[in-house]
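The values are calculated or read from the model by the stated rules, or taken from the named source; none is laboratory data. Quantities reported herein were computed from a predicted structural model and do not represent experimental measurements. Cβ coordinates were reconstructed from backbone atoms using ideal geometry, including for glycine residues, and neighbour counts include every protein chain displayed. Just so you know, the surface numbers come from the protein's heavy atoms only, side chains and all, with ligands and any DNA or RNA stripped out. Shrake-Rupley method; radii C 1.70, N 1.55, O 1.52, S 1.80 Å.
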Amino acid sequence: MTPQVTSSSVTESTPTQAKSGGCGCDSKSSATVEMDEKLQERIAKHPCYSEEAHHHYARMHVAVAPACNIQCNYCNRKYDCANESRPGVVSELLTPEEAAHKALVIAGKIPQMTVLGIAGPGDPLANPEKTFRTFELIADKASDIKLCLSTNGLMLTEYIDRIKQLNIDHVTITLNTIDPEIGAQIYSWVHYKRKRYRGIEGAKILLEKQLEGLQALKEADILCKVNSVMIPGINDQHLVEVNKAIREHGAFLHNIMPLISAPEHGTHFGLTGQRGPTQKELKSVQDQCAGNMKMMRHCRQCRADAIGLLGEDRSQEFTKENFLEMAPEYDLSKRQEVHEGIEKFREEIKAAKQKAVETIHVTSLQNNPKILVAVATKGGGLVNQHFGHAKEFQVYEVDGNEVRFISHRKIDQYCQGGYGEAATAENIMKTIADCKAVLVSKIGNCPKEKLHAAGIQTVEAYDVIEKVALEFYEQYVKEQ
Ligand code: CLF
Ligand code: SF4
């Protein structure tokens, strides 16, 4: 069923003037436009490669790759917590056959799942037989599922032909530095061709192989995203240089992610007290790189067995005990029908966004302040979630002409069944203290008053995010 866009409870604004879209299409050659369209098509249903797609389409990871050939100082694959979203965390390892069965079960139960990724818990290319066998089994039975691979890059050049042959169109390399001296502070050892290398020697091998791998992906016309973990005091000042190097080597997208580090994770960085970056530090580096290439800002640093839309994780519904009892329900025509519905809905959302941008009047088009708003959403590109049910807010920057997604912020759910709301409210307010408003489908009087007292306005609406955000902005500017 196609979801319906309903009207907002925010006062309708008067259509006044159309803003210039700043489209540079006219200056493009038809070849460039055609290439853009082809690229668009390749990423249109990939929730990580397309920010817009992540509102609508889901991914699943299968944990078939336990071993790793390097040791990153931020990784400990032994730690597992059902609530932890962090690369390398996994509850159960699967065989390729179990993984293929699981993929076919999920493809029926969650038809908006379009991408199957192998991202651990170790390195997929340190477990090549299990990884490629899994991809083969899935490609054979479910041709419409995109295959995706995330690797440290050490063995990429060795397996590039196999990757191409299997039609794996999206590969991620985690590349944190191009300087071996910095690398020696991030990697304890690198195991390459039956030998273990430490310090600068190990880092040098890894970094060379990563850039060669990136180049090989480009030559094979495989889309490559680079993930970089931002580690304050180690590589934070260096990431702009990394961004330049990966751009030159043909990366499609750059995802700078914050280091997750806590003593209880048992990682080297956790135990030595290495901190992760603040939201502000992260945004500042992302902004410095943004002029040069496309940046990913909606990453959720997924578990190696994550399932669902990026902001949700349904892996606990599909434990091994559960999914092995379920029959595969993969049905291509049913899936296509669902995808057609989603695409129709995306068109409606796009038209509603366009209309909002063209009609909402902002008093001054020059020097409008940039403000942040926090949005509660269950997906679909809509403000459609109760304040009390949200486990994260999506944060948008609004300047009257543009509504730009900049990050998500995890929070503890406000509704705790009558206990602990005061503590969660306080934490939520700290998390979104820099936002001028929170946009939600509903909110109770108690949290509303607390937010207002903290200078954060509340907007109740059920509508397209951009429209609600622009309407709020219009009112905000008038009141200044
Ligand atoms: Fe998985 Fe990674 Fe493929 Fe996406 S995740 S293998 S590209 S399908 Fe996505 Fe998760 Fe971030 Fe990775 S949100 S951690 S970027
Ligand atoms: Fe862990 Fe991945 Fe680093 Fe291996 S490459 S140590 S699995 S983070």
Point to revise | Sparse-neighbourhood loop sites, GluC sites (Glu not before Pro) in the stretch 371-480 - DSSP loop, at most 16 other Cβ within 10 angstrom | key: 402
Exercise for review: For the chain, calculate the relative contact order in percent as a whole number, restricting contacts to Cα pairs under 8 Å that are 6 or more residues apart.
Suggested key: 18
Revision key, fill the gap. At R0 = 51 Å the Cβ-Cβ FRET efficiency linking residue 287 and residue 331, nearest 0.05, sits at 0.70
Revision key, fill the gap. Sequence order, the stretch 187-202: Karplus ³J(HN,Hα) from phi using 6.51 cos²θ - 1.76 cosθ + 1.60, θ = phi - 60°, Hz rounded, Gly and Pro as x, gives 10, 6, 7, 9, 9, 9, 6, 6, 9, 9, 10, 10, x, 4, 4, x
Study note, to complete from the structure: Burial-style ranking of 272-278, 283-289, average other-beta-carbon count within 10 Å with highest first, yields 283-289, 272-278
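What is the Rg over Rh value, at two decimals, for the stretch 361-479, using alpha-carbon atoms and the Kirkwood definition of Rh?
0.96
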Check your understanding: Using the Cβ atoms and a cut-off under 13 Å, what net charge is assigned to the surroundings of residue 281, where Lys and Arg are +1 and Asp and Glu are -1?
Key -> +1
Point to revise | Rg ratio (alpha-carbon, reference 2.2 N^0.38 Å) - the stretch 187-269 | key: 1.22
Study note, to complete from the structure: So, with points 7 Å from each Cα along the Cβ direction, the residue 422-residue 389 label distance in nm works out to 2.8
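Evaluate the relative contact order of the stretch 36-323 (contact order divided by residue number), counting alpha-carbon pairs under 8 angstrom at least 6 apart; express in whole percent.
Reported relative contact order: 23 percent.
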Revision key, fill the gap. Computed over the stretch 332-442, the relative contact order (Cα-Cα under 8 Å, seq sep at least six) in percent reads 26
Exercise for review: For the stretch 327-333, just list the computed ³J(HN,Hα) in residue order, Karplus coefficients 6.51, -1.76 and 1.60, θ = phi - 60°, integers in Hz, with x standing in for Gly and Pro.
Suggested key: 7, x, 10, 4, 9, 4, 5
Practice item. Provide, in order from the shortest bin, the percent of all Cα-Cα pairs of the stretch 36-323 in each 5 Å bin, continuing until the bin that contains the maximum pair distance. Key: 1, 6, 13, 17, 21, 19, 13, 8, 3, 0
Point to revise | Dimensionless Rg ratio for the chain, taking C-alpha atoms and the 2.2 N^0.38 Å reference | key: 0.99
**Study point:** In nm, spacing of pseudo-spin labels at residue 445 and residue 136 (7 Å Cα→C-beta vector)
**Key:** 6.6
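What share of the DSSP beta bridges in the stretch 361-479 is antiparallel, in percent to the nearest 5? Please report the intermediate quantities before stating the final value.
Working: 14 of 22 bridges.
Close to 65 percent.
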Study note, to complete from the structure: Non-local residues with an amide H under 5 Å from the amide H of residue 189, with H modelled 1.01 Å from N and Pro and chain starts lacking one, are 71
Check your understanding: Taking only protein heavy atoms and a 1.4 Å probe, what accessible area per residue, in Å², does the stretch 329-480 have with all protein chains in place?
Key -> 48
Point to revise | Heavy-atom accessible area ranking, 1.4 Å probe, most first, across 196, 133 | key: 196, 133
Practice item. Heavy atoms only, probe 1.4 angstrom, no DNA, RNA or ligands counted: give me 333, 315 ranked by accessible area, highest first. Key: 333, 315
Point to revise | Spin-label model distance (nm) - residue 378 vs residue 279, 7 Å beyond Cα toward Cβ | key: 2.4
